[in-house]
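**Student:** Mind looking over this structure? Questions follow.
The values are calculated or read from the model by the stated rules, or taken from the named source; none is laboratory data. Owing to the predicted nature of the structure, the values given are computational and were not obtained by experimental measurement. Virtual Cβ from ideal backbone geometry, glycine too; neighbours counted across all protein chains shown.
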Amino acid sequence: MITLEHCQQLDLQDPLRALREQFNLPSGVIYLDGNSLGALPKSTAARVAQVVTQEWGQGLIGSWNEAGWFDLPQRLGDRIAPLIGAAAGEIVVTDSTSINLFKVLSAALQIAKSADPARLRVLSERDNFPTDLYIAEGLCRAQGGTLELLEAGQLAAALAPEAAQDVAVLLLTHVNYRSGAMHDMAALTAAAHRAGVLTVWDLAHSAGAVPVNLKADQADFAVGCGYKYLNGGPGAPAFVWVSPQHADRFWQPLAGWWGHAAPFAFTPDYQPASGIARYLCGTQPIISLSALACGLDTFSAAESLGGMAALRAKSLALSDLFITLVEQRCAGHGLTVVTPREHGRRGSQLSLAREQGGYAIMQALIARGVIGDFRSGDGKQRADILRFGLTPLYTGFEEVWQALEQLRQVLVSGEWQRSEFSLRKVVS
């Protein structure tokens, strides 16, 4: 039986424990929702104030040059590159994940149709993040294609060459937002390429949480989020990566002045910049980009301690502990661990299913200072899910023990059945 003292000892032995000091986490709170919104780095508030009061307030328009505002999307992209297995000059930080997905999926569909006009089908997972499906649905409707949604276990068969002759793109989120299950990027990309299919990967629940190697896995396109594991703040700009073999093949559809080959020539006709710069569109949100830079600083501090490999090892240790404690301390209360137990199939969150009361249980847990979140099912194929993000930059082993103890008390006492915990909030 795992004890509190055992978890405290794990914290003392943790070589990454000092990284937590980079974050401004409120006392009395166990924050297990970094998979939805990352914690605040201590340096962010001062940096944002500096941008506002000095660079904007005093430097005014000169800060586009003097403070290096103009090339900030590329410089931040270069800092994200090592986290996802890309090279410098291949990523820009810009817009939202949804907008970037629109750009790359549009480009991928154009490339596929130019090679074979019959390739009009987009394959995705039924349980993919909804905005990805909405973007794909809209693009397919506009371009005469179809979106086909499959269960995860059906993907390999659907990518067999004889079954995929009309498939243009495989669109997947690397780590599933509900279950925390992680796809085998290398295997699925290889299967897609054997069938002549391009791949688009959403790294929203991967970047900064699990090692990703886009180039080694030969992915074609990827997008990702800046405000979850990268700790860039609510609504932080996202990022976009395009394999160099595709970057100059087509315009992306949101051709804007920032992506022009000569943006300050102000010509009436559009000439796209070379490489990833053409995936920029309009004027960039400099204050938000500067906040994201502070989030990326927290990973720089981890580099000397083993970088993403060390963060991944701690993430797996935290989630192994979580699973064991659920089974030891919360058995008999209707909880099912739906996140895969195999390390190679797991992201950095743990998801628990329960047939009823999931929302109220999470609200009761939040009232006790343990912050996770809830994702509703459809009453048919999908169960309600309680999600717990285990962010290795700042989550400790004792916190996992305390969180599961609070969950046990909520379940044993039945306090989750109180009426106030069933009242739905706007953001749940």
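Yes/no matrix, rows are residues, columns are (1) in contact with a Lys or Arg (Cβ under 9 Å, 6 or more places away or on another chain); (2) not assigned by TED's automatic domain parsing to the domain that holds Met185; (3) not in a loop (DSSP other than H, G, I, E, B):
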site: Cys294; (1), (2), (3): yes, no, yes
site: Ala313; (1), (2), (3): no, yes, yes
site: Leu318; (1), (2), (3): no, yes, yes
site: Gly344; (1), (2), (3): no, yes, yes
site: Ser351; (1), (2), (3): yes, yes, yes
site: Leu365; (1), (2), (3): no, yes, yes
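**Student:** Is there a residue being more than 16 Å from Gly180 (Cβ to Cβ), among the β-branched types (Val, Ile, Thr) and surrounded by 22 or more Cβ atoms within 10 Å (Cβ to Cβ) anywhere in segment 350-363?
**Tutor:** Taking every residue of segment 350-363 in turn, at least one turns out to be more than 16 Å from Gly180 (Cβ to Cβ), among the β-branched types (Val, Ile, Thr) and surrounded by 22 or more Cβ atoms within 10 Å (Cβ to Cβ).
**Student:** While we're looking at this one, here's another question. Is it true that some residue in segment 54-75 is within 18 Å of the chain's Cα centre (by Cα), within 27 Å of Met185 (Cα to Cα) and charged (D, E, K, R)?
**Tutor:** Looking through segment 54-75, none of the residues is within 18 Å of the chain's Cα centre (by Cα), within 27 Å of Met185 (Cα to Cα) and charged (D, E, K, R).
**Student:** Tell me the residue from Leu133, Leu170 that is in the same structural domain as Ala191 (by TED's automatic domain parsing), within 26 Å of the chain's Cα centre (by Cα), touching a residue at least 24 places away in the same chain (Cβ under 8 Å) and not in a loop (DSSP other than H, G, I, E, B), please.
**Tutor:** Exactly one of Leu133, Leu170 is in the same structural domain as Ala191 (by TED's automatic domain parsing), within 26 Å of the chain's Cα centre (by Cα), touching a residue at least 24 places away in the same chain (Cβ under 8 Å) and not in a loop (DSSP other than H, G, I, E, B), namely Leu170.
**Student:** Take Ser114 and tell me if it is under 30 Å from Val167 (Cβ atoms) and more than 23 Å from the chain's Cα centre (by Cα).
**Tutor:** When the stated conditions are applied, Ser114 passes them.
**Student:** Which members of segment 92-150 meet the condition of being surrounded by fewer than 19 Cβ atoms within 10 Å (Cβ to Cβ) and on the phi > 0 side of the Ramachandran plot?
**Tutor:** Gly144
**Student:** Inside segment 79-91, can you point out the residues that are part of a loop (DSSP other than H, G, I, E, B) and either free of Cβ contacts under 8 Å to residues at least 60 places away in the same chain or surrounded by fewer than 24 Cβ atoms within 10 Å (Cβ to Cβ) (or both)? Full working, then the answer.
**Tutor:** Taking segment 79-91 and keeping what is part of a loop (DSSP other than H, G, I, E, B), we get 85-90.
Of everything in segment 79-91, those that are part of a loop (DSSP other than H, G, I, E, B) and either free of Cβ contacts under 8 Å to residues at least 60 places away in the same chain or surrounded by fewer than 24 Cβ atoms within 10 Å (Cβ to Cβ) (or both) turn out to be Gly85, Ala87, Ala88, Gly89, Glu90.
**Student:** A further question on this structure: When you go through Val400, Val412 one by one, which is the residue that is in a helix (DSSP H, G or I), of a type in the set (A, V, I, L, M, F, W, C) and buried (at least 20 other Cβ atoms within 10 Å of the Cβ)? Can you show your working first?
**Tutor:** Numbers: Val412 fails: buried (at least 20 other Cβ atoms within 10 Å of the Cβ).
Only one candidate qualifies: Val400.
**Student:** Quick check, is Val175 closer than 27 Å to Thr298 by Cα, among the β-branched types (Val, Ile, Thr) and buried (at least 24 other Cβ atoms within 10 Å of the Cβ)?
**Tutor:** It is true that Val175 is closer than 27 Å to Thr298 by Cα, among the β-branched types (Val, Ile, Thr) and buried (at least 24 other Cβ atoms within 10 Å of the Cβ).
**Student:** Going by the structure shown, is Trp251 touching a strand residue (DSSP E or B) at 6+ places or on another chain (Cβ under 7 Å) and at pLDDT below 95? If you could, list the steps in order and put the result at the bottom.
**Tutor:** Values: touching a strand residue (DSSP E or B) at 6+ places or on another chain (Cβ under 7 Å): yes; at pLDDT below 95: yes.
Yes, satisfied.
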